[in-house]
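This report concerns only the one structure given below.
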Amino acid sequence: MNAQHHQPSAATPPDIRLIVTDMDGTLLDGDGNIPDSLWPLLAELNDRGIAFCPASGRQYATLAAQFEAVDDGGMVYVAENGAYVLRGGAEVSSDPLERGVVEWIVKSVRGLVEEGGADTGVVVCGKRSAYVERSDEAFMEQVRKYYAAHEIVADATAVEDDFVKVALFDFGSAQDTTAPILEPLADTHQVVVSSQHWIDVMNPAANKGAAVRRLQAALGVTPAQTMVFGDYRNDLEMLDTADWSYAMANAHPDVLARARLRAPANTEHGVVRTVRDVLRLDDAQS
């Protein structure tokens, strides 16, 4: 199906029960902030019994902090690119990595860095916190953006936690310098280049699409009642879970090809504008 801008034509808006949106490059504006126009929209969605779900590579603690002001204790979150899903603070699903795999990744990156092959830092993502061994400010600045709960440790593989993802930040090109050493995992795990600098490693079944399907089952929501928004390749599977799947105008070509519909760019507050348009919320107020 060719993506298109959706203009509601029915006399009544569709029965949407769940809205899921990626964060960076999708919901967040050009400065990386949640647009102010989202907050009144969330209040209207809540009044209508429509669940709003951030879906991100960010950890749960980070997402919960970003929405703390409007979360009445019942919000749903898809965190860690789908490896950890929560509703009202309670786990809906998770897909922990085997500890041996985590150890192999950490040791492989240590070796690569020691040999001068890359300037890469590792974030071992647990349910309780994220764990890093590097503590230089340049790396920590990147960690703090996405991991509100984090600890600097001597050995990230030795902590007691359930690991749901390993994220690697490459100060150069993640695709060119760090991704090649992860080739041995390509057939058995998700190795996703989620941006120019970040790579995420997860179990093969862990992705935003699988997470949204579990959330739909938990909420009793169908694809026809679901809207999703995305911009990058880690959003691809998520687009398949909804009849109302939107690629942002600024999206990766693969996302533009996969989504059914098109939304304005994140810099134009495309998520908020599209939700209001499709659900005719402005009509209801006038």
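Short-range pairs are left out: with C-alpha atoms under 8 Å and at least six residues apart, the relative contact order of segment 232-272 is 36 percent. Helix 208-219 axis versus longest C-alpha principal axis of the chain: approximately 50°, rounded to the nearest ten. For the chain, the mean residue ellipticity at 222 nm estimated from helices alone is -8000 deg cm²/dmol, where every DSSP H run of n ≥ 4 contributes -39500 (n - 2.57) and the total is divided by all residues, rounded to the nearest 500.
Return one whole number: the accessible area per residue of segment 111-252 in Å², for a 1.4 Å probe.
Numbers: 5580 Å² over 142 residues.
Dividing the accessible area of segment 111-252 by its residue count gives 39 Å².
Ignoring ligands, DNA and RNA, what percent of the accessible area of segment 76-123 is carbon or sulfur (1.4 Å)?
Details: 820 of 1890 Å².
Accessible surface attributable to carbon and sulfur in segment 76-123 totals 43 percent.
Each Cα pair under 8 Å and six or more residues apart adds its sequence gap; the mean of these over the residue count of the chain is a relative contact order of 23 percent. Extension gain, Asp282-Asp47: 0.36 nm per intervening residue step, less the Cα-Cα distance, totals 83.1 nm.
With both labels modelled 7 Å from their Cα along Cα-to-Cβ, the Glu268 to Arg99 distance reads 5.1 nm. To put it simply, the accessible area of segment 153-205 at a 1.4 Å probe is 52 percent carbon and sulfur. The candidate values are (1) 34, 19, 17; (2) 40, 22, 16; (3) 63, 36, 15; the one derived from this structure for semi-axes √(5λ) of the Cα gyration tensor in Å carries the label (1).
Need the full-extension length gain, Thr177 to Ala218, defined as separation in residues times 0.36 nm minus the C-alpha distance. One decimal, nm. All intermediate terms of the calculation are to be shown ahead of the outcome.
Working: separation 41, 0.36 × 41 = 14.76 nm, distance 3.99 nm.
Here the segment from Thr177 to Ala218 would lengthen by 10.8 nm.
Available extension along the chain between Arg128 and Gln196 is 21.8 nm, counting 0.36 nm per residue and deducting the alpha carbon span. Roughly speaking, to the nearest percent, how much of segment 13-75's 1.4 Å accessible area is carbon and sulfur? Ligands and nucleic acids excluded, carbon and sulfur reach 46 percent.
What distance in nm separates the two pseudo spin-label positions at Val70 and Asp187, each 7 Å out from Cα along the beta-carbon direction? That separation, rounded to one decimal, is 4.6 nm. Spin-label model, Ala257/Val159: points 7 Å from Cα along the beta carbon direction are separated by 3.8 nm.
Solvent-free Debye calculation, one equal scatterer per alpha-carbon of segment 139-286: log10 I(q)/I(0) at 0.13, 0.14, 0.21 Å⁻¹ equals -0.75, -0.86, -1.38.
The values are calculated or read from the model by the stated rules, or taken from the named source; none is laboratory data. All of these numbers come straight from a predicted model, not from anything done at the bench. Every residue, glycine among them, receives a Cβ derived from its backbone with ideal geometry; neighbour counts consider all protein chains shown. Note: accessible area is taken over every heavy atom of the protein model, side chains too, but ligands, DNA and RNA are not part of it. Shrake-Rupley method; radii C 1.70, N 1.55, O 1.52, S 1.80 Å.
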